[in-house]
Amino acid sequence: MELRRVLGFRDLVFFYTLTCFSLRWIATAAEAGPSSLVVWVLAAFGLFVPLVASVLELSSRHPEEGGLYVWTRRAFGDFPGFIAGFLYWASNLPFFPALLYFTAANALFLGGAKGAALQESRGFFLAFSLLGVILASAANIRGLKYGTWLHNAAAVATWIPAILLVLCGAVVFARFGSATSFSAAHLIPSAGLKDALFFSTIAFAFGGIETASFLGDEIRDPRRNLPRALLLVGALITAAYLAGTASLLVALPASEASGLTGITKGIAAASAKAGLPAMGTLAALLITLSGVGVTGAWLATAARLPFVGGLDRFLPPAFGKIHPKWGTPAVAILVQSALSALFVLLSQAGTGVKGAYDTLVAMSVISYFVPFLFLFASTIRLSKAPLPKDAIRIPGGRPVSVALAALGFLTTAVSLLLAFVPPGDEPNKVFAAAKIVLLTLVLVAGGAALYASSARRRRMLRT
């Protein structure tokens, strides 16, 4: 039974909006102050532009289901392809809980004083995250025909708060001036470790443009629709990150722009000054919907990797089965959801809510960026081959593709190393670093063990 082609250009734009743009990174950037605007630009040119160029060429050459996994396998063989795909899939295990922690923190804004009392409640954050995983899983098991409703609604719910923030920020600046100084001295990033670590997180914020390529067999006319959606969304989210960060800093001092709730506080403060106090509550509601929708979009992407791996017999055959009624890789979605729920529980070990969130973000960055090294290396190798009919090559041809891929590889490698360093406000840095290293080793070892097991199974079948 084949997967159904249900995603058109509009659906891809909404889908990319969810996987590439997140309001939580605006709050994270604003917390670092005005110099974050310069870091956004550096990360855009250092990672985002190379990533868009590489995905544009690779998805145009090889638009079939599997994306990064298929590209790496074609370039370097079965084992590198499997490890790249496995780690990309595994990066979602800590990513989902981190995203849902952010969503939960902003949902508390809806509860007023009662909600504020739960800001350090591990039980609330655990329960909210588990419920979010269940809802996203249920929508995706029914199929992208149904899951797309959630994705599209959540995409709208993502952009409305961002637009509100920018509009209210402009009104506040015109009436009262800025709560933050944007002088040249404040715009220059320092050479200290704190800003270096911050760069790693901002680079991670630009990831996601590769996601729809994993759904190649479910996209209508992928060679035409993928590049158009890539270019449109790439321009939109770069502008949104810069404008959103600047607007949040206009509304709030950097010291009040917390990574978990700063975006809601900023919209509430800006809208109150602009004479629209109810906008803060509306923003919190929309951010909550957006968080669940983003979880669903990433779950739809990640579930296709073990599905493709199942068809290629690297995983147990059940992963390659499609639900007879809904036409979805239901087993892969359920396994992904169950393991994500397990990470929700493990992340709280020996730490509080913020410590768990920081650990989850670091783990997401590490396991997500290793496959990017394979992606950029695959671009360099596969760009040697002649272009298929109707495929797209970026302006400048192979020399530009190789140069951008090399820049992306270098940026990714630096960001990857920085992700192992705990944040400065972590009270137990040794324990935090050890937990990150240990969980990373567990993920890599798990992928290698699965591949070795599949190799033994294939040898037994041949004999």
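Some notes on this structure:
- G112 vs. criteria on the phi > 0 side of the Ramachandran plot and either in a helix (DSSP H, G or I) or surrounded by fewer than 24 Cβ atoms within 10 Å (Cβ to Cβ) (or both): yes
- Of A239, A246, A272, A278, all but one fail to be among the small types (G, A, S) and touching a residue at least 60 places away in the same chain (Cβ under 8 Å); the exception is A246.
- Looking only at the range 384-435, and only at residues there that are in contact with a Gly (Cβ under 7 Å, 6 or more places away or on another chain) and modelled with pLDDT of 80 or more, the one that is surrounded by the fewest Cβ atoms within 10 Å (Cβ to Cβ): L407
- Every condition in (1) in contact with a Ser or Thr (Cβ under 9 Å, 6 or more places away or on another chain); (2) in a helix (DSSP H, G or I) is met by V39 except one, and the failing one is (1).
- Checklist (1) at pLDDT 85 or above; (2) of a type in the set (S, T, Y); (3) buried (at least 24 other Cβ atoms within 10 Å of the Cβ) applied to S129, failing item: (1)
- Scope the range 25-77; condition closer than 29 Å to A162 by Cβ, among the β-branched types (V, I, T) and buried (at least 24 other Cβ atoms within 10 Å of the Cβ); matching residues: I26, T28, V52, V55
Every residue, every condition in (1) out of contact with any helix residue (DSSP H, G or I) (no Cβ under 6 Å at 6 or more places or on another chain); (2) in contact (Cβ under 8 Å) with a residue 40 or more places away in the chain; (3) at positive phi, yes or no:
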{"site": "L47", "(1), (2), (3)": "no, yes, no"}
{"site": "L58", "(1), (2), (3)": "no, yes, no"}
{"site": "R61", "(1), (2), (3)": "yes, yes, no"}
{"site": "L68", "(1), (2), (3)": "no, yes, no"}
{"site": "R73", "(1), (2), (3)": "no, no, no"}
{"site": "F76", "(1), (2), (3)": "yes, yes, no"}
{"site": "I83", "(1), (2), (3)": "no, yes, no"}
{"site": "F86", "(1), (2), (3)": "no, yes, no"}
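- Scanning the range 224-251 for residues that are more than 23 Å from the chain's Cα centre (by Cα) and either among the polar types (S, T, N, Q) or buried (at least 24 other Cβ atoms within 10 Å of the Cβ) (or both) yields a count of 3.
- Cβ pairs under 6 Å, 6+ apart, first in the range 110-127 and within 11 Å of V344 (Cα to Cα), second at pLDDT 75 or above and hydroxyl-bearing (S, T, Y): F125/Y101
- The residue of the range 79-103 that is surrounded by the most Cβ atoms within 10 Å (Cβ to Cβ), among those that are small (G, A, S) and in contact with a Gly (Cβ under 8 Å, 6 or more places away or on another chain), is G85.
The values are calculated or read from the model by the stated rules, or taken from the named source; none is laboratory data. Note that the structure is predicted; figures quoted are calculated from it, not measured. Neighbour counts are summed over all protein chains in view; Cβ atoms, including those assigned to glycine, are modelled from backbone coordinates with ideal geometry.
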